[in-house]
1. Does B:Ser143 meet the test of being under 19 Å from B:Leu56 (Cβ atoms), outside the structural domain of B:Lys43 (by TED's automatic domain parsing), part of a helix (DSSP H, G or I) and touching a residue at least 12 places away in the same chain (Cβ under 8 Å)?
2. Could you check segment B:108-117 and list, in sequence order, the residues that are more than 16 Å from B:Tyr59 (Cα to Cα) and either modelled with pLDDT of 80 or more or part of a loop (DSSP other than H, G, I, E, B) (or both)?
3. Assigned to a helix (DSSP H, G or I) and within 14 Å of another protein chain (Cβ to nearest Cβ), is that true of B:Leu8?
4. Look at A:Ser38 and say whether it is surrounded by fewer than 14 Cβ atoms within 10 Å (Cβ to Cβ), within 14 Å of chain B (Cβ to nearest Cβ) and either modelled with pLDDT of 90 or more or farther than 26 Å from B:Phe212 by Cβ (or both).
5. I'm trying to understand the selection: among the residues of segment A:22-33, which are surrounded by fewer than 16 Cβ atoms within 10 Å (Cβ to Cβ) and not in a loop (DSSP other than H, G, I, E, B)?
Amino acid sequence: MNLFSFQNVNKIYPPYFKALININLEIKEGDFIILTGSTGAGKTTLLKLLYREEKPTSGEIFYKNISYSELKTRQFNQLRQKWGIIFQDYKLFPDLSVYENIKISLILSGKKFKNMKIFIYEYLERFLLAHKAQKKIKELSGGEQQKVGVIRALIRDPEVLIADEPTGNLDPDSIKEILQILKEFHNKGKTIILATHDPIIINQKLGKLIRLKQGELINNVELFE
Amino acid sequence: MWSYLSRLELKNSLIYYLFLLIFFFFWNFFSLFTIYLYTNFQKIADIYKNRVYLNLIIYSQKSDNTTVTNLVNNLKQLLHVKKVEVFPPEKIFQKIKNSLPSEIFKNYKKNEIINYFPYVVKIYPTSFKSYSLLKNQLQLLKSSNNKIDIYEAKISKMVNFAFVLKPGFFCFFIIWIVFYILFLLFFNYFLNSFLDKQIQIFILLGGSLNNFKIIRLFFISAFSSIAFITSTILFLYIANNLSNIFNITKLTQSSSYFLFSNNLFNIFIYYILTILVFPAIIIWFSYKKYEN
């Protein structure tokens with residue numbers, strides 16, 4: 001069964017900028033999708049439509065064959081609780097600490113933990129951020145903020161991981177760490193949709209490569225299965 | 001999570017909540033004060049409403065006694081007249097002779113002075129509502145007789161004004177409440193746009209808007225309650241002093257504190273509406289744009 005499907009989806013930003021043109025796409029459960037394309041190709045817009053930060057101008061998006069337009073706010077919230085989203089602009093609460101940002105995400109996921117604090121610190125340790133756990137987000141560098149954004153999404157152990165340029169500001173060691181986690185995720189049968197133009201990730205041949213050019217889907221090449 | 005959400009809500013917007021506190025302090029104070037003025041005015045009007053009367057002053061010579069008697073008889077036949085009392089010039093003279101300058105008595109005889117005094121006819125209407133109608137009838141009488149003048153007692157004017165004030169007060173109070181609702185709308189929309197980014201993040205992480213709505217209602221109610229309590233205490237203090245100064249307490253047989261404690265249920269309804277119900281509806285309304 002398709003997890004997500006796009007049917008004739010168009011997105012036009014007023015007055016007439018066509019960000020996405022007639023997108024038809026199917027994503028199955030367990031897929032590892034790598035969306036690539038140059039800057040402004042429409043990767044982020046496609047992901048925003050996927051996690052409903054924005055709505056399409058025309059066309060339909062389906063989740064498990066249910067149209068997004070049929071889903072109520074409460075139902076969509078429940079879906080987002082099961083998803084992990086890494087945002088290109090991080091979307092962290094600047095006035096809360098690293099630890100608090102991650103804790104809120106975990107609480108909202110609805111998962112129960114015996115010792116949440118230890119669990120969070122283990123993740124922070126893995127990304128060499130444990131010593132900055134009590135620092136406010138606004139006191140961190142761009143790379144560190146991105147790591148927090150990545151941890152916040154991964155720590156939920158989500159059913160679907162949607163990642164928009166998760167390695168944009170990271171050092172090679174952190175990129176390796178993230179790739180390792182992504183592989184572990186995929187091996188557990190989870191779905192990953194990742195937008196990137198980072199050649200390190202693309203060359204890893206982790207999954208299906210989908211290329212976007214000026215808002216249009218130009219090919220759907222299977223790199224690795 | 002609630003503590004984090006509270007911090008997110010308050011951290012950057014504390015100054016606006018303090019503004020709400022000041023606004024509600026004065027709004028509530030003015031509301032209570034308006035109600036206080038209105039109720040006391042009505043209470044006093046109630047006390048005097050059976051005592052309103054109109055004075056007809058008839059400038060007539062003593063020899064015209066029969067004319068006055070005829071006029072009084074005619075007045076008694078009028079539709080809205082309950083009682084007529086006639087005060088002849090002699091009686092008026094007796095009442096005020098002590099306040100007249102002594103030189104008058106040296107130059108004129110008592111009878112000569114009395115001749116200058118008018119007849120005063122006190123006319124009581126059948127009910128307070130017929131006061132104005134009676135006044136109109138007397139105005140007609142006055143226009144046909146230049147020896148007659150009408151004098152409205154101050155208390156009658158006040159009672160009449162209290163009667164006219166009633167619908168005006170309700171119109172004013174509705175406008176006053178609409179003003180408060182508009183302020184709440186502005187406040188919530190402003191806060192939403194100010195905190196838009198964090199609301200969006202919270203929703204994208206799977207958070208429910210209800211959490212933000214509850215937090216907003218909690219803070220609005222908390223700040224408004226502080227303003228309510230402090231401004232009510234200040235109001236009671238001022239109202240009680242004013243009542244003592246103007247002797248209203250003695251007149252209405254009830255102090256401001258007594259009036260307040262006697263209307264606890266009404267005040268409870270007022271509190272629930274202004275601090276919980278109106279804000280809750282407006283908060284619910286203002287978050288509509290975040291729903292899918």
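1. no
2. Residues satisfying the conditions are B:Tyr108, B:Lys109.
3. yes
4. no
5. Of everything in segment A:22-33, those that are surrounded by fewer than 16 Cβ atoms within 10 Å (Cβ to Cβ) and not in a loop (DSSP other than H, G, I, E, B) turn out to be A:Asn22, A:Asn24, A:Glu26, A:Lys28.
Yes/no matrix, rows are residues, columns are (1) over 22 Å from B:Leu21 (Cβ atoms); (2) among the hydrophobic types (A, V, I, L, M, F, W, C):
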| position | (1), (2) |
| --- | --- |
| B:Ile150 | yes, yes |
| B:Ile155 | yes, yes |
| B:Phe161 | yes, yes |
| B:Phe172 | yes, yes |
| B:Phe186 | no, yes |
| B:Tyr189 | no, no |
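The values are calculated or read from the model by the stated rules, or taken from the named source; none is laboratory data. Remember, it's a predicted structure, so these values are computed and weren't measured experimentally. We place every Cβ from the backbone using ideal geometry, glycine too, and count neighbours over all the protein chains shown.
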